[in-house]
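Asker: Sending over a structure as structure tokens; questions will come in a sec.
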Amino acid sequence: MNNQETFDSLPCYVELLGHNKVACRVSESIGGLLKLDIPATENSIAFTQFINVASLYRITPITEELMLSL
């Protein structure tokens, strides 16, 4: 195993450049992209986004309950 930490479908609060913030499940993907699975809310359906890691400002692991409440 290499020195990098890995994760799979971890509930997180993700802050992106441009002041975008999202509570989602973060999974590793290929080609320098992260997969963000955003859960459904009262106002929107669940959806998936792939983002370039260069656009990340911060990722904070949170609980499943907190992710669903944000």
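Asker: Please state the shape class of the chain: rounded when a/c is under 1.5, otherwise prolate if a/b exceeds b/c and oblate if not, all from the C-alpha gyration tensor.
Answerer: Taking the square roots of the gyration eigenvalues as a ≥ b ≥ c, the chain is prolate.
Asker: Right, here's the next one. Ignoring ligands, DNA and RNA, what accessible area per residue does the chain give at 1.4 Å, in Å²? Kindly include the intermediate steps, with their values, before the conclusion.
Answerer: Working: 5080 Å² over 70 residues.
With all protein chains present, the chain gives 73 Å² per residue.
Asker: If we count every other residue with Cβ under 11 angstrom of E15's Cβ, Lys/Arg +1 and Asp/Glu -1, where does the sum land?
Answerer: +2
Asker: Now a separate question. Can you give the local net charge around S29? Use residues other than it whose beta-carbon is closer than 14 angstrom to its beta-carbon, Lys and Arg +1, Asp and Glu -1.
Answerer: -1
Asker: Give the carbon-plus-sulfur fraction of the accessible surface of the chain in %, rounded to a whole number; probe 1.4 Å, heavy atoms of protein chains only.
Answerer: Carbon and sulfur: 54 percent of the exposed surface of the chain.
The values are calculated or read from the model by the stated rules, or taken from the named source; none is laboratory data. Predicted, not measured: the structure shown is a model, and the values here were computed from it. For neighbour counting, all protein chains shown are included, and Cβ atoms are generated from backbone atoms with ideal geometry for every residue, glycine included. Quick note on the areas: whole protein, heavy atoms, side chains included, nothing else; ligands and nucleic acids left out. Shrake-Rupley method; radii C 1.70, N 1.55, O 1.52, S 1.80 Å.
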